[in-house]
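The structure appears below as structure tokens.
The values are calculated or read from the model by the stated rules, or taken from the named source; none is laboratory data. These numbers were taken from a predicted model, which means no experiment stands behind them. Counting neighbours? That spans all protein chains shown, and the Cβs are built from the backbone with ideal geometry, glycine included.
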Amino acid sequence: MSRFHPRFYLLVCIIIFTLTACSSNTNTSFYSNGYNEIEELEKLDDFIRDQASESSKPVNYDLTVTSTFKSGEDANMIVYDVLVNNVKEEMENITISFTLEPEMINNLESYDLITISDPDNVKNNKLKPNEKPLGLSLYRGYVLKEEGELSKNINNIYKNVYVKISYDTNGKRTDEYRKMVATPSTELVNYLKETSSL
């Protein structure tokens, strides 16, 4: 019986590993440090809500959150946009993360609520006073469930947005957590009022 050379088995293992890595779903292979993305997102999701404060406003920048309605042929969406602008001092390596009220998952065609800045672009996220770019934003559109499936209390919870802003200033890393109330568009307000009463 013939035997394969040990290098053959090594080559096969490398090929299998490469194919597996290339075909991995981005939902489970996002972090380069080996952490499972879903588990890490769940931890961050809970932590942002726990740490968020309603009492204080940012000192080094302005923070605003808006929510708008986008109508499509196949689905309707609610779009959240978190904006950091009017910085008072230079901010580098800015990361924006946000999540919604846990109950919002019942109104959306989504398996998660949290949204995070692309880590590959963080090193380019810099803001300086009175210099372009004037601001940095992170937005996400969530597909709404069909009109008859929206919960009755959606109007009481959809404006609540939990935000984490991380940045470097003078070599020091700062993490700030806040509970924000999104400013909704007129179209979104009217749509949710009509559909949630069905």
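Among the residues of the range 147-163, some residue qualifies, meaning at least one is in contact (Cβ under 8 Å) with a residue 60 or more places away in the chain, under 22 Å from Phe47 (Cβ atoms) and aliphatic (A, V, I, L, M). Scanning the range 112-124 for residues that are touching a strand residue (DSSP E or B) at 6+ places or on another chain (Cβ under 7 Å) and free of Cβ contacts under 8 Å to residues at least 40 places away in the same chain turns up Thr115, Ser117, Val122, Lys123.
Rundown of residues vs (1) in contact with a Lys or Arg (Cβ under 9 Å, 6 or more places away or on another chain); (2) buried (at least 19 other Cβ atoms within 10 Å of the Cβ); (3) assigned to a loop (DSSP other than H, G, I, E, B), yes/no style:
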position: Ser67; (1), (2), (3): yes, yes, no
position: Met77; (1), (2), (3): yes, no, no
position: Val87; (1), (2), (3): yes, yes, yes
position: Asp112; (1), (2), (3): no, no, yes
position: Glu131; (1), (2), (3): no, no, yes
position: Leu138; (1), (2), (3): no, yes, no
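Note on the range 156-173: among residues that are at pLDDT 95 or above and in contact with a helix residue (DSSP H, G or I) (Cβ under 7 Å, 6 or more places away or on another chain), the one that is nearest to Glu109 (Cα to Cα) is Tyr158. Confirm whether Asp50 is among the acidic types (Asp, Glu) and at pLDDT below 90. So Asp50 passes the test. Would you please name the residue that is nearest to Pro129 (Cα to Cα), looking only at residues in the range 142-198 that are of a type in the set (Val, Ile, Thr) and surrounded by 17 or more Cβ atoms within 10 Å (Cβ to Cβ)? Taking the candidates together, the pick is Ile165.
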